[in-house]
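The values are calculated or read from the model by the stated rules, or taken from the named source; none is laboratory data. Nothing here was measured: the structure is a model prediction, and the numbers come from that model. A quick note on method: Cβ atoms are made from the backbone with ideal geometry, for glycine too, and the neighbour counts reach across all protein chains shown.
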2 protein chains.
Amino acid sequence: MNAEIIAIGSELLTPYRQDTNSLYLTEKLNELGVEVAFKTIVGDNQRDLVSAARIAISRADIVIFMGGLGPTEDDLTREAVAEALELELHRDPEIISQLERRFAGRKMKMSPNNNKQADILAGATVLPNANGTAPGQWLSGKYDDDEKVIMLLPGPPHELKALFEEQCFDRLRAKVPAQFIATRVLKVAMMGESQCDARIAPIYKEYPDVQTTILAGSGEIQIHLRSRHISLELAELRVEKLAEEIENELEDFIFAHKGESLEQIVSYYLQMRNLTLAVAESCTGGLLGERITSVSGSSRYFLGGAIVYSNELKTDFAGVPPELIAKHGAVSREVAAALAEGIRQRCGADLGLAITGVAGPTGGTEQKPVGLVFHALASEGGTEVIERSFPGDRKRIRWFATQQGLEMVRRKLM
Amino acid sequence: MNAEIIAIGSELLTPYRQDTNSLYLTEKLNELGVEVAFKTIVGDNQRDLVSAARIAISRADIVIFMGGLGPTEDDLTREAVAEALELELHRDPEIISQLERRFAGRKMKMSPNNNKQADILAGATVLPNANGTAPGQWLSGKYDDDEKVIMLLPGPPHELKALFEEQCFDRLRAKVPAQFIATRVLKVAMMGESQCDARIAPIYKEYPDVQTTILAGSGEIQIHLRSRHISLELAELRVEKLAEEIENELEDFIFAHKGESLEQIVSYYLQMRNLTLAVAESCTGGLLGERITSVSGSSRYFLGGAIVYSNELKTDFAGVPPELIAKHGAVSREVAAALAEGIRQRCGADLGLAITGVAGPTGGTEQKPVGLVFHALASEGGTEVIERSFPGDRKRIRWFATQQGLEMVRRKLM
């Protein structure tokens, strides 16, 4: 079975806003073995909405409308679906009393425009919305000559998710043929996409029953494996077998075997080995620390560190001799190593990680162009320095630099 | 005139990837006075693609196809548009020689599947692609009984942008009725959306010719104003007049008058006053420094600072007395103030900004729940502390905290 997701709202047709609900719904639909065939985004316009609804109902088995269920004049989804399906709308007095109680509970008077939220399509099941005023609606049966499932869901993400999770997922499962899906996400750091694909394509092509999707971007490659079978054992077996073959081929280039982020993996390793980490960052300006501390519980292994943007602070916080900076420049192998060693010692950490580079767009020279970054990792056993030249703008260069820094910690502890 | 944008690629129908090109194209189309009426996302499937193409051509004046122009079997856009419009495809020998030269220049042999990139729709203008192998195509004329403009553009964002900018924008301008658009973006910090709207709705409702869009999220509200008139003077006059009235109403709650980010505004003020800034961050773990240094040239006023995740580093890097931490706790008004004063002194900065709080999801107590954050700003004249309780998850709490911190600097220098 396939699905079409329709996101409704004129703000989704501006340069400033994007539908993200559909990513969540796609994940949930895929779990049930339902593929999304089309996504449509349409504004708050009755004619356009009726046309989009008619088209979706003619080409998809499951149609999900998101948004346009509120009380304002712009909220037209109920009316448009009624017109497209040639169904009556009736006003449900029970919903109106619920709305009135809700407003009264907040000591507010309900304005009459709220009543339209009680308009229900003939034959629809009302889906109460615990997080907002507009209930959802569920229709299933013969429409456009075929068995269809049609859902009207509220647009705000937290309302939509709660409602779908609690009231639509199981209902939908009962409507789709039983099947089982197994998935795995492998992640690879600091490797080119074509190089990666060249090595693993001969392997995954032997598994036509496992869908393999390779996504590359910002210093990591994600390999998504998905298998759908009539038994969970078989689905898992096929995914695990392919994952194992890919793991054998790529070996330690794979940093995550179950979709974890690089900072999460570094977190595991540091805790497993009972080690602490401190950072000294120049061009990344705090991004490295931010990524490390994005993991909840990072205070168990992350002590902190210094943002050594000025040369004085490189000396003051990480003990880098001013002469070293004068001789080699702040962006150099030597200063990177001194920063890592200095911050390690200064913070009393097991590992000191330092980054210094030219993030651009200005500040580059012929010898030290934009994108040149030195990464250093100091430990009891000595200091390792890696020099890289990253492409892209300031934002990408800074991201790549933290990716390389974290990857050094991973490889050290692996 | 209206437009439909069709993004093509099965990866755009997974939970992992989202079309972002359409945001760029929408901005450019809006500049020309063209509204986007529909966006459609469709997979690499000939039947679905032909159907989507037919529908779009029947309902929009301008149809832009993005993606599916490469050399692989999955790249079906040319064939699908040819089928939908009942046009012949012919293979252009000139494009094939260009492709061959391109591959030869890289010392690579061109595989035969690349030839299909030279298939051109009858009547189409070829749009050479300087950044990739697949050229774009431009069609204009009577299709489906009406004057239409149809574009086929490559999917990779940097290829699409360069091609649209250089080869489509002016061509399109010549096709649409001349009109002029003026825009302004005002930004408001640390104010509720409904509170903001209640104050400005009576104002903007008096300007029906200026489209006002209010977008809220993560500690700021954006007020987008857009006016379209037959003369640029008139369009600008109307936008400026409304902006001025809103500015008078909201006064210093508005931090940006022309769409600038909060870190950009802080950058202006610090440079204007020739002041330097240092930070000490605990729960934000580097995010504050990251945001400040995301502005190119920030080394002119930002010295750096410390990520004082552990209590020892609060003492060591910012001179906070251990007794103070023992007495009040690391998350307290007193420690926030001491951090700000200590880091200011330690770095020799004019301003010291500190953040300490409970980002969660663990670590909260009854007295100090998740979301409690203290922000302190130390200057020559003294230290100010602001206590806030932020809602949301770890990521949102950390973001709000940096937003409040930057807002304190702005208000101090305003």
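Going by the structure shown, is residue A:189 among the small types (Gly, Ala, Ser) and under 23 Å from the mean Cα position of the chain (by Cα)?
Yes.
Kindly evaluate residue A:300 against the criterion of being surrounded by fewer than 24 Cβ atoms within 10 Å (Cβ to Cβ), farther than 20 Å from residue B:342 by Cβ and among the basic types (Lys, Arg).
So residue A:300 fits the description; yes.
Out of segment B:295-304, which residues are in contact with a helix residue (DSSP H, G or I) (Cβ under 7 Å, 6 or more places away or on another chain) and within 7 Å of chain A (Cβ to nearest Cβ)?
Residues satisfying the conditions are B:296, B:302, B:303, B:304.
Failed condition for residue B:260, given (1) assigned to a loop (DSSP other than H, G, I, E, B); (2) under 25 Å from the mean Cα position of the chain (by Cα); (3) surrounded by fewer than 15 Cβ atoms within 10 Å (Cβ to Cβ), with all others met?
Unmet for residue B:260, out of (1) assigned to a loop (DSSP other than H, G, I, E, B); (2) under 25 Å from the mean Cα position of the chain (by Cα); (3) surrounded by fewer than 15 Cβ atoms within 10 Å (Cβ to Cβ): (3).
For residues that are facing another protein chain (nearest Cβ under 7 Å) and touching a helix residue (DSSP H, G or I) at 6+ places or on another chain (Cβ under 8 Å), scanning just segment B:1-15, find the one that is surrounded by the fewest Cβ atoms within 10 Å (Cβ to Cβ).
B:15
For segment A:30-54, how many residues meet the condition of being closer than 23 Å to residue A:228 by Cα and within 9 Å of another protein chain (Cβ to nearest Cβ)?
6
Examine segment B:117-135 for a residue that is surrounded by fewer than 17 Cβ atoms within 10 Å (Cβ to Cβ) and either among the acidic types (Asp, Glu) or more than 24 Å from residue B:172 (Cα to Cα) (or both), and state whether such a residue exists.
No, that holds for no residue.
Show me the strands (runs of 3 or more DSSP E) entirely contained within segment A:319-414 in which 1 or more residues are of a type in the set (A, V, I, L, M) and crowded, with 23+ Cβ neighbours inside 10 Å.
Qualifying strands (runs of 3 or more DSSP E): A:351-357, A:372-379.
Which numbered condition in (1) more than 8 Å from every other protein chain (Cβ to nearest Cβ); (2) farther than 14 Å from residue A:409 by Cβ; (3) outside any loop (DSSP other than H, G, I, E, B) is the only one that residue A:313 fails?
(1)
Suppose we keep only residues that are within 12 Å of chain B (Cβ to nearest Cβ) and at pLDDT 95 or above within segment A:358-369. Which one would you say is farthest from residue A:386 (Cα to Cα)?
Only one residue tops the list, namely A:359.
For segment A:16-27, what are the residues that are at pLDDT below 95 and closer than 30 Å to residue A:229 by Cβ?
Residue satisfying the conditions is A:27 alone.
Pairs please, first residue from segment A:212-225 and within 18 Å of residue A:238 (Cα to Cα), second anywhere and of a type in the set (Asp, Glu), Cβ atoms under 8 Å, 6+ apart in sequence or on different chains.
Listed pairs, sorted by first residue: A:213/B:11; A:214/A:193; A:214/A:197.
Condition test on residue A:275, is it surrounded by fewer than 22 Cβ atoms within 10 Å (Cβ to Cβ), of a type in the set (A, V, I, L, M), not in a helix (DSSP H, G or I) and not assigned by TED's automatic domain parsing to the domain that holds residue A:224?
Criteria met by residue A:275.
From A:265, A:307, A:292, A:254, which residue is buried (at least 18 other Cβ atoms within 10 Å of the Cβ), under 14 Å from residue A:410 (Cα atoms) and at the interface with chain B (Cβ under 10 Å from one of its Cβ atoms)?
That would be A:292, the only listed residue that is buried (at least 18 other Cβ atoms within 10 Å of the Cβ), under 14 Å from residue A:410 (Cα atoms) and at the interface with chain B (Cβ under 10 Å from one of its Cβ atoms).
Of a type in the set (S, T, N, Q), within 11 Å of another protein chain (Cβ to nearest Cβ) and over 16 Å from residue A:41 (Cβ atoms) - does that describe any residue in segment B:75-98?
No, segment B:75-98 contains no residue that is of a type in the set (S, T, N, Q), within 11 Å of another protein chain (Cβ to nearest Cβ) and over 16 Å from residue A:41 (Cβ atoms).
If you check residue A:141 against the conditions, is it surrounded by fewer than 19 Cβ atoms within 10 Å (Cβ to Cβ) and in the same structural domain as residue A:90 (by TED's automatic domain parsing)?
Yes; evaluated as a whole, the condition is true for this residue.
Assuming residue B:186 fulfils every condition listed in (1) within 30 Å of residue B:118 (Cβ to Cβ); (2) at pLDDT 90 or above apart from one, which condition is it?
(1)
Go through (1) among the acidic types (Asp, Glu); (2) within 14 Å of chain A (Cβ to nearest Cβ); (3) free of Cβ contacts under 8 Å to residues at least 12 places away in the same chain for residue B:170 and report which single condition fails.
(2)
Report yes if residue B:402 is closer than 27 Å to residue A:295 by Cα, more than 14 Å from chain A (Cβ to nearest Cβ) and hydroxyl-bearing (Ser, Thr, Tyr), otherwise no.
no
Those residues that are surrounded by 15 or more Cβ atoms within 10 Å (Cβ to Cβ), charged (D, E, K, R) and over 24 Å from residue A:6 (Cα atoms), I need them from segment A:84-116; list them, please.
A:92
crowded, with 23+ Cβ neighbours inside 10 Å and either more than 8 Å from chain A (Cβ to nearest Cβ) or touching a residue at least 60 places away in the same chain (Cβ under 8 Å) (or both): does that describe residue B:69?
yes
If I filter segment B:84-97 for residues that are touching a residue at least 24 places away in the same chain (Cβ under 8 Å) and polar (S, T, N, Q), do I get at least one hit?
Scanning segment B:84-97, I find no residue that is touching a residue at least 24 places away in the same chain (Cβ under 8 Å) and polar (S, T, N, Q), so the answer is no.
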